[in-house]
Amino acid sequence: MTLTKKGQAKPAPASWGLSASGKLPWEYASAPEATDHISLRPEYGLFIGNQFGPSRPRAWFDVINPATEETLARVARASKADVNRAVATARDAYQSTWSRLPGSERAKYLYRIARIIQERSREFAVVETLNSGKPIKESRDVDVPLAAAHFFYYAGWADKLDYAFPNREPRSLGVAAQVIPWNFPLLMLAWKIAPALAAGNTVVLKPASTTPLTAYLFADVVLQADLPPGAVNIITGPGEIGMELVSHPDVNKVAFTGSTAVGKMIARAVAGSHKKLTLELGGKAANIVFDDAPLDQAIEGIINGIYFNQGEVCCAGSRLFVQESVFDPLLDKLKNRLGTMRVGDPLDKNTDVGAINSAAQLAKITELVESGVAEGAEIFQPECQLPDRGFFFRPTLFTGVSQSHRIAQEEIFGPVLSVLTFRTPEEAIEKANNTPYGLSAGVWTEKGSRIFKMVSAMRAGVVWANTFNRFDPTSPFGGYKESGYGREGGLHGLAAYLDLSPNGTNGR
Ligand code: NDP
């Protein structure tokens, strides 16, 4: 439904083919992705030293499909003893094999992993979608190809570390403890494991408890690629097991992606130790549209910026700043575009917005949206039928948002856009930077000089110009302020897994 500023229904332009209610006058035929080529095991043990095995003592927890709430498998719940076992195994592998291999040999393993991910890409895409709720077209076209690309990219550096860091004598660190979130389970695994292995480290990785299945599928790839036992270890368990892992005294490097609250706890736990630390935390990105921007192109960038992966993206463009003179036409176009989005079965190739990852995340989104309404912002949601089961939320936008509203300040991590306005570039910069976060931002304008001015003034690790949510393994990614520190991707991401200090004491 399209509303005027006074809240009255307003017909959408005929060119969009929408009815007066904002609905498409026809339905898409369903186009479900086949699932008969995958077979999930009923249970997955911990992956330590190239063997799957139960936790000690034996304990399990269920993993569900957030789109149907059905159980997909059960996975082992690691204990503190399992963490010790995994770290000791990684240490043995580091000392006996992995750190001793020439870079050219490590590269061969990484290339092999990359190729196997490509060969098994349909399997990875389906399992990722079943377990995370993200649309199959995103797992198929973004997550899996990018994960393979990260292994290819870092394979290329493994035997060229001296060229990557000239006059620095790059040395591996030892055992890397890596804790990853549920929004990009396979991709975050690749961001963490590929540079660690390329640099000569071994790894213990803990996936998020809601999304461990592609990590265990990756363990199969490790076996298929014939990696030396212990180079990659994967353990599952609750947050406290993540804390045991990053606090373990025999770990040399900690890499975490997740909430700012947990990131701060990890920073405290690691403080004063020798461990190198990379934190990739939350965000509240500003996406700024100037009046000279190509509006139709900007609309696609705004949609991709906030509704990609249900908005469960740390760098999502969740605050839209629109120059006042184009507010009305832009909002009309945006609301019409929202009316064309398909929400529902993540396995359907037409689906744009899939399932929210968990009941807890859905409750958090709902609470923040309710706060937006209570604080006086005006909500807009297209009419669309949500599935009866599973965790779904309509794509939502708010107008009449003020800087002090919670929906303008807090990370919602859902398909919810807060729209604000500005008059001058200075005001846009001031408002965009008025956040505790500093991960990403976007600028839409035809003027090159304005792009440069905005990019240098915005306190964000990544600023996209006339596009949004573009990722590439060669490009470093990371934040300022409460969005964390350290960079992943590119040479910066490789340096985070190396000791580049003159005396060789960093991370040891
Ligand atoms: P968390 O930060 O709790 O989870 C991320 C990872 O950290 C998971 O593997 C989790 O394990 C683990 N973890 C949880 N607690 C601890 C701990 N005390 N010590 C070590 N590791 C821990 O995020 P949530 O899943 O709770 O999501 C909450 C909010 O965080 C979201 O709404 C969103 O705003 C933000 N977030 C940001 C992400 C980003 O990409 N920057 C990603 C995910 C969330 P387990 O799954 O077992 O709890």
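The values are calculated or read from the model by the stated rules, or taken from the named source; none is laboratory data. It should be emphasised that the depicted structure is a prediction, and the values quoted were computed from it without experimental measurement. Glycine also receives a Cβ, built like all others from the backbone with ideal geometry; neighbour counts cover every protein chain displayed.
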statement: If you go through 406, 342, the only one that is touching a helix residue (DSSP H, G or I) at 6+ places or on another chain (Cβ under 8 Å) and among the charged types (D, E, K, R) is 406
- prompt: Quick check: is even one residue across segment 302-309 within 16 Å of the ligand (Cβ to nearest atom), assigned to a helix (DSSP H, G or I), over 27 Å from residue 429 (Cβ atoms) and of a type in the set (S, T, N, Q)?
  reply: yes
- line: Among (1) surrounded by fewer than 23 Cβ atoms within 10 Å (Cβ to Cβ); (2) at negative phi, residue 344 falls short only on (2)
statement: Within segment 393-433, the residues that are in contact (Cβ under 8 Å) with a residue 40 or more places away in the chain, part of a strand (DSSP E or B) and more than 16 Å from the ligand (Cβ to nearest atom) are 397, 399, 419, 420, 421, 422
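In this structure, does residue 71 turn out to be β-branched (Val, Ile, Thr), surrounded by fewer than 18 Cβ atoms within 10 Å (Cβ to Cβ) and without any contact (Cβ under 8 Å) to a residue 40 or more places away in the chain? Walk me through how you get there before you give the answer.
Numbers: β-branched (Val, Ile, Thr): yes; surrounded by fewer than 18 Cβ atoms within 10 Å (Cβ to Cβ): yes; without any contact (Cβ under 8 Å) to a residue 40 or more places away in the chain: yes.
Answer is yes for this residue.
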message: Give me the residue from segment 283-301 that is outside any helix (DSSP H, G or I) and buried (at least 24 other Cβ atoms within 10 Å of the Cβ) and, out of that set, nearest to the ligand (Cβ to nearest atom).
response: 283
field: Selected residue [of a type outside the set (S, T, N, Q), surrounded by 24 or more Cβ atoms within 10 Å (Cβ to Cβ) and touching a helix residue (DSSP H, G or I) at 6+ places or on another chain (Cβ under 9 Å)] from 439, 417, 491
entry: 417
statement: The correct count of residues that are away from the ligand (no atom under 15 Å from the Cβ), modelled with pLDDT of 95 or more and among the charged types (D, E, K, R) in segment 168-211 is 1
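Kindly establish whether residue 221 is among the hydrophobic types (A, V, I, L, M, F, W, C), more than 30 Å from residue 443 (Cα to Cα), in contact with a Ser or Thr (Cβ under 8 Å, 6 or more places away or on another chain) and in contact (Cβ under 8 Å) with a residue 60 or more places away in the chain.
No, not satisfied.
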message: For segment 372-392, check the following and say yes or no: at least one residue is without any contact (Cβ under 8 Å) to a residue 24 or more places away in the chain, among the acidic types (Asp, Glu) and within 16 Å of the ligand (Cβ to nearest atom).
response: no
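Which one is farthest from residue 201 (Cα to Cα), of the residues in segment 214-248 that are within 16 Å of the ligand (Cβ to nearest atom) and in a loop (DSSP other than H, G, I, E, B)?
Of all residues in segment 214-248, those within 16 Å of the ligand (Cβ to nearest atom) come to 214-216, 218, 233-248.
Now narrow it down to the ones that are in a loop (DSSP other than H, G, I, E, B): 235-238, 248.
Working: 235: 17, 236: 20, 237: 23, 238: 25, 248: 16 Å.
Among those that are within 16 Å of the ligand (Cβ to nearest atom) and in a loop (DSSP other than H, G, I, E, B), it is 238.
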query: If we only count helices (runs of 4 or more DSSP H) wholly inside segment 57-139, which ones have 2 or more residues that are touching a strand residue (DSSP E or B) at 6+ places or on another chain (Cβ under 8 Å)?
result: 80-96, 121-132
- prompt: Give me the pairs: first residue in segment 317-340 and farther than 13 Å from residue 303 by Cβ, second residue at pLDDT below 95 and of a type in the set (A, V, I, L, M), beta-carbon distance under 9 Å, and six or more apart or on different chains, which are they?
  reply: 332/12
